[in-house]
Amino acid sequence: MTLEAVVGMSSRGVNAVLHVPEGTTLALLGPNGAGKTTVIEALAGLTAPDSGHATLGDAVLFSDREGRMRVTESRSRGIALVTQDSALFPHVSVLDNVAFPARAQGASRASSRAGAHKWLSRVGAGHLAARRPRTLSGGEARRVAVARALASDPRLVLLDEPFASLDIEAAIAMRSLLRDVLKGRTAVLSTHDGLDAIDIAHTIAVLDHGTVVEEGATSATFERPRTAFTAALAGLIWLRGTWVEGALALPDGQLVPADGEEFTLGATVAATINPRAVKIVPSTTPGCVCDVVLALEPRGDGTLRVRGSLLWAEVSIAEASRFLPRVGETVHFDVGTRPHAFSLAS
Amino acid sequence: MRLRNPLAAAALAAACSLSVGACAAEDDAPTRVTINVYAAASLSEVFAALAEQYETAHPGVSIRLTFAGSSDLAAQINEGAPADIFASANEAQMGVVAEHVAGMAELFASNTLTIAVPRGNPGGVTDFASLANPGLKVVVCAPEVPCGAATALVEEKLGVILSPVSELTNVTDVLGAVSSGEADAGLVYVTDVARAKEVEGIPFAGSASVATRYPIAVLTGAHAPTAARSFVDFVLGQQGQAALLAAGFATSDGGASDVTALNGTAPDVTAPDASAVG
Amino acid sequence: MTRLPRWLLVLAVIAAAFAVLPLVGLASRANWAQLPGQLATPSARTALGLSLRTAAASTALCITLGVPLGFALAALKGVARAVLRAILLAPLVLPPVVSGLGLLYAFGRRGLLGATLDAAGIPVAFTTAAVVLAQAFVAMPFVVVSVEAALAARDGRLEAIAATLGAGRSRILRVITLPGIGVAVAMGAVLAFARSLGEFGATLTFAGSLEGVTRTAALQIYLARESDPQAAVALGLVLVALAILIVAAAARPGRRAIP
C-alpha cells in the first residue's frame, strides 16, 4: 500500500507532502516542534487536518472537498500507531494489550491470546505477558506497543519518536527490532535524530516548520544534504564554500582537502564531515583547519565537544587533559578522511 | 490557649457575641417585654391571631411564637431553649418537660379525630369502618405519637383494624399525603381539616369518645413570669376560648393537668367533657 | 510542609471541635449498656435492614443511570454543559422535602408519570420502590459529578489509540474508559450509598413511613425520638459509625494513580 499524503493543519503551521512506496519505511526527520507528531497523528486519525488529502493504496484516509474535510475514522484505516508514551492500556495485562486488536476484530479470546504470545515473542517480550503495563520499563513498554501495533495487521505502521526517552541500550535494541519487524512493511517513523533513521528507513523526509524541506533515499540524502539544516539533523558538520582544485575553500580562504566531481572552479559546493573523525592537531599538521574555540561542551559520556566557528571535534577527557583549549583560543582541526564535496544548486 | 494573633481574637469575639447578643436583648429593653411561646404546630393559626389580639391590648408586650411538633418543642425546652410558655398538643409531652413547669399545667382545648379525604373523596369513604376496605390507601400517625395513639384507641373502641400504607410521625404529614392525593384517606384532627384547603372531613360516629387534650403552662425559666401568666390567662379566658372554638377545637374547662403523673406513660386521651363541648 | 501560622491552627481547632462535638453529644446520650438490646429490637433491625437494602438498590440505580449521564455531560461543551450540570446536580443541595414534593408530583399517584404507572398497575407511592427512587434522586449527582470530573481529566488518547487498533466504541468504553474511571465511579458509588443511607426528607415526603416497607433507619430514628429517645440515639450511632466507615473508604485516594 503506497501512502500519498498532503497534510495541512494551518493552526500548527503544517503543510507536509509525503510519499511512501509500498513496503518501505520513511523517516520523518525534524527538530522538536517541526510538526512531526501532527503529521503522524493526522495519518493515524487522532487529529483531523484542515486541508489536504491522503490515500493508502486505494483507500482514502482524508480528503478536502471544496473546504469540507471527509475523514475516514481511524478504526477503519488499518493504520497502527506507536506513540512516544507507548500508550499501553493500563487496566489489562501486557498479553491482553497485544491481544486487543484481534479481539476488536472479533477473534476469540483464546486465539487472540495465542496470536499475542507470538507477537510478544517476536519483539522479545514473551516473558512480560502476564505483567501489568505500569510495571514495565520504558523500553519494555515500547516493545509491547510495537507488538500490539503489529498484531493489528496494519497496512501502514506509524511510529512517533520510537527511540525517545529510551536509554542507549534500549534504543539500540529497539533499532534492531524495528529493522527486523518493519522489513517489507509500509511505515513512517518520526525522529529528531538523523542517525536513528539510517538503519531503518529507506527514505527520509526532513520537516522544518511544518514543511518538507528535503526528501530522498536515506543514504543519498545524508551523504549530500542540500541544506545545513539537514546536515545538522544528521549530526554532521556542514561546510560550505567554493571549489578550488581538490579542495573546498572556506569563506575565510582556508582550504579543506576534499574529493569531488569535476566542478568548475569557484562553484558553490558543500561537504559534510563526521565530527567523530575530526581531531585536534598541532598547527604543523598538513591540511589542518585553523579555527577559534567558541565553546567547550561536556557531552556527559566522558567526551568533550570542542566547538569552533567552522568545525567541531569530540575529544575524550583523557585527550583534553593533555591540552585544554580555552574559549577564544586558536585551535587546529584535522577533518580525517577527505570529505566528499558536492555542488549546491545556487 | 492564649491568642497571640489579634485576628484570631477578633474571630472568636465575633463568634461569641452571637450567643451573648441573643440573651442580652431582653434585659436591655426594660420598657418592652417579650414572651417566648412554644406552641404545638396545630395551634399555629389560632395562636397567631390570639397573640395579635393580646399585643394590641397590652402595648409593650410582644409575643414571640415558635411552632413545631410538641415533642420537638419539649425536647428543645429540656435542652434549655428560652421558652416562657409551652402549649402542648397532648399531655404526655407536657409530662416530658414536667421539671420545667412552674406551678400547674392547665388544659385549654381538646381536639378530636376525623377522617380526611382528598377533595371529591375519590376513595368513596363513608365512615370509619369503610377505611378497612382493602385497596383503600389509608395513612395514619404512628402509634408512638399522640395522634397515632388516639387513632389506635379509636380502632380499639370501634373494633375496626386498619392496614395503613404509611404511619407518619406527625399529623401534618398525614394531611400532606391526603391533600396530595397519594392517600385516599387519613386520620387527622378536626382542626387540621379546618385549615387544609385540599381535603374534606368525614365525621364518624365515636370520634368524640377519644379526644386529645391540650395543656398550657408557664415555665420555670420564664424571663417575664408575670406577663407570661397573663397571656396564659388570656388563652384560658373568654376571648381565647372563643378563638379556639372558632378554629375547630373543643374548649376545655381549664382544669389542671396532672403532668407529673403522665410523665413517661401513655397519654390519657379520654376526656369526658370534651364530647359535651364538641 | 511548612509550619502553619498559629491563628490558623486556633481556627482549625475550633472547626474540628464544631464538627466533632455533635457526635460526642450523641454518644454522651447513649445508654451503652442497653445499646445491644436497643439495636436488637425488631423495629430497629427491620429499619436498618431496609436501609441497607434500599441504599444498595439505590446505589445500583445511581451507577446504572448516573454513569451514562456523566458521560453525556462530559461530551457536552460550554454553556449547555454548565447549565445542564447545574440542573442535574441540584438535588445535591435541594432541601430534601422539596425533592420529596418533586418526586411526588412526578411519580406520585397524581404525578406526571405516576398517574400512568398507577393506571398500569404499578403503584409507586408508599412502596419500597419509592424509597429507592427518593434515595437515588438525591444520591445520583454524586456518581454523575464524579464520572464527569474523571472524564474531564482524561485526554482521550488511549481511546484514540484503541480506535486505530480497530476497536468499536463499546469495546473502547468497556476495556479502556470504564476501567480508567473505575476509581471515580467507585468513589461516587460509595458516596451515593452513604447519601442513600442517610436519606430522610425526600423519603418521608414521597414514600411515607411503614415498618418493613418504607421506614428506613433514618425514619425509625425520627419516630423513636418521640417515644424512646435512647433507642433513637442507639440507631443514630450505628448510622454515624457507618457514615464514618464509608467516608473513610471513599476518601482513601486510589491505590494506584488514575492514568
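What to note about this one:
- Among the residues here, C:Pro22 qualifies as within 14 Å of chain B (Cβ to nearest Cβ), surrounded by fewer than 16 Cβ atoms within 10 Å (Cβ to Cβ) and not small (Gly, Ala, Ser).
Residues are listed down the side, and each one gets a yes or a no for (1) under 23 Å from A:Gly216 (Cα atoms); (2) in contact with a strand residue (DSSP E or B) (Cβ under 9 Å, 6 or more places away or on another chain):
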{"residue": "A:Pro21", "(1), (2)": "yes, yes"}
{"residue": "A:Ile40", "(1), (2)": "yes, yes"}
{"residue": "A:Ala48", "(1), (2)": "no, yes"}
{"residue": "A:Glu66", "(1), (2)": "no, no"}
{"residue": "A:Asn97", "(1), (2)": "no, no"}
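- Scanning segment A:145-166 for residues that are farther than 16 Å from A:Ile79 by Cβ and touching a helix residue (DSSP H, G or I) at 6+ places or on another chain (Cβ under 7 Å) yields A:Ala147, A:Phe163, A:Ser165, A:Leu166.
- Total residues in segment B:112-149, condition in a helix (DSSP H, G or I) and either of a type in the set (Asp, Glu) or within 14 Å of chain C (Cβ to nearest Cβ) (or both): 4
- Residue satisfying all of: in segment C:110-121; within 17 Å of C:Gly208 (Cβ to Cβ) and part of a loop (DSSP other than H, G, I, E, B); nearest to the other protein chains (Cβ to nearest Cβ) among these: C:Arg110
- Qualifying residue in segment A:101-120 (condition: away from every other protein chain (no Cβ under 12 Å), surrounded by fewer than 23 Cβ atoms within 10 Å (Cβ to Cβ), on the phi > 0 side of the Ramachandran plot and of a type in the set (S, T, N, Q)): no
- Single residue of A:Val327, A:Val306, A:Val315, A:Val293 found to be outside any strand (DSSP E or B), β-branched (Val, Ile, Thr) and at pLDDT 85 or above: A:Val327
- Residues of segment A:122-171 satisfying the condition of being within 14 Å of chain C (Cβ to nearest Cβ), surrounded by fewer than 17 Cβ atoms within 10 Å (Cβ to Cβ) and not acidic (Asp, Glu): A:Arg132, A:Arg134, A:Thr135
- Filtered by the rule that a residue be of a type in the set (D, E, K, R), within 18 Å of A:Leu195 (Cβ to Cβ) and in a loop (DSSP other than H, G, I, E, B), segment A:124-183 gives A:Glu161, A:Asp167.
- Residues being within 14 Å of another protein chain (Cβ to nearest Cβ), out of contact with any helix residue (DSSP H, G or I) (no Cβ under 9 Å at 6 or more places or on another chain) and without any contact (Cβ under 8 Å) to a residue 60 or more places away in the chain - total across segment A:32-86: 4
- Some residue of segment C:198-211 being within 10 Å of another protein chain (Cβ to nearest Cβ), more than 25 Å from B:Gln93 (Cα to Cα), surrounded by 15 or more Cβ atoms within 10 Å (Cβ to Cβ) and within 20 Å of the chain's Cα centre (by Cα): yes
- Unique residue being closer than 16 Å to A:Trp312 by Cβ and of a type in the set (Ser, Thr, Tyr) when the list is A:Thr268, A:Thr284, A:Thr242, A:Thr272: A:Thr272
- Candidates A:Ala205, A:Ala249, A:Ala217, A:Ala201: the one that is loosely packed, with under 15 Cβ neighbours inside 10 Å and at pLDDT 90 or above is A:Ala217.
- Restricting attention to segment A:304-344 and to residues that are free of Cβ contacts under 8 Å to residues at least 60 places away in the same chain and among the hydroxyl-bearing types (Ser, Thr, Tyr), the residue that is farthest from A:Pro225 (Cα to Cα) turns out to be A:Ser321.
- In segment B:157-179, the residues that are under 19 Å from B:Ser42 (Cβ atoms) reach residues that are in a helix (DSSP H, G or I) and of a type in the set (Val, Ile, Thr) with C-beta atoms within less than 7 angstrom, at least six apart or across chains, in these pairs: B:Leu168/B:Val174.
- Some residue of segment A:105-119 being hydrophobic (A, V, I, L, M, F, W, C), part of a helix (DSSP H, G or I) and touching a Gly at 6+ places or on another chain (Cβ under 8 Å): no
- Those residues of segment C:10-31 which are of a type in the set (A, V, I, L, M) and under 30 Å from C:Asp228 (Cβ atoms), in sequence order: C:Ala17, C:Ala19, C:Val20, C:Leu21, C:Leu23, C:Val24, C:Leu26, C:Ala27, C:Ala30
- Filtered by the rule that a residue be part of a loop (DSSP other than H, G, I, E, B), surrounded by fewer than 13 Cβ atoms within 10 Å (Cβ to Cβ) and free of Cβ contacts under 8 Å to residues at least 60 places away in the same chain, segment A:256-281 gives A:Glu262, A:Thr264, A:Leu265, A:Gly266.
- When segment C:1-19 is limited to residues that are assigned to a helix (DSSP H, G or I) and either of a type outside the set (A, V, I, L, M, F, W, C) or more than 12 Å from chain B (Cβ to nearest Cβ) (or both), the one that is surrounded by the most Cβ atoms within 10 Å (Cβ to Cβ) turns out to be C:Arg6.
- Sole exception among (1) over 21 Å from C:Met140 (Cα atoms); (2) more than 10 Å from chain A (Cβ to nearest Cβ); (3) outside any loop (DSSP other than H, G, I, E, B) for C:Val185, by number: (1)
- Of the listed requirements (1) of a type outside the set (Asp, Glu); (2) within 14 Å of chain C (Cβ to nearest Cβ); (3) within 20 Å of the chain's Cα centre (by Cα), B:Ser179 misses just one: (3).
- The single residue among B:Val46, B:Val20 that is on the phi < 0 side of the Ramachandran plot, β-branched (Val, Ile, Thr), assigned to a helix (DSSP H, G or I) and modelled with pLDDT of 90 or more turns out to be B:Val46.
- Condition check for A:Ser176: among the small types (Gly, Ala, Ser) and in contact (Cβ under 8 Å) with a residue 24 or more places away in the chain: no
- Failed item, numbered, when B:Ala89 is tested on (1) more than 13 Å from every other protein chain (Cβ to nearest Cβ); (2) modelled with pLDDT under 90; (3) buried (at least 23 other Cβ atoms within 10 Å of the Cβ); (4) assigned to a loop (DSSP other than H, G, I, E, B): (1)
- Pick from segment B:64-73, criterion buried (at least 24 other Cβ atoms within 10 Å of the Cβ) and at pLDDT 85 or above, ranking: nearest to B:Val33 (Cα to Cα): B:Leu73
- Scanning segment B:150-175 for residues being in a helix (DSSP H, G or I) and either of a type outside the set (Gly, Ala, Ser) or facing chain C (nearest Cβ under 7 Å) (or both) gives a total of 12.
- In this structure, A:Gly308 does not qualify as surrounded by fewer than 19 Cβ atoms within 10 Å (Cβ to Cβ) and not basic (Lys, Arg).
- The lone criterion from (1) more than 27 Å from C:Arg109 (Cα to Cα); (2) not in a strand (DSSP E or B) left unmet by B:Glu106 is number (2).
The values are calculated or read from the model by the stated rules, or taken from the named source; none is laboratory data. This one's a predicted model, so the numbers in the text were calculated from it and none came from an experiment. Ideal geometry is used to build each Cβ from the backbone, glycine not excepted, and the neighbour counts take in all protein chains shown.
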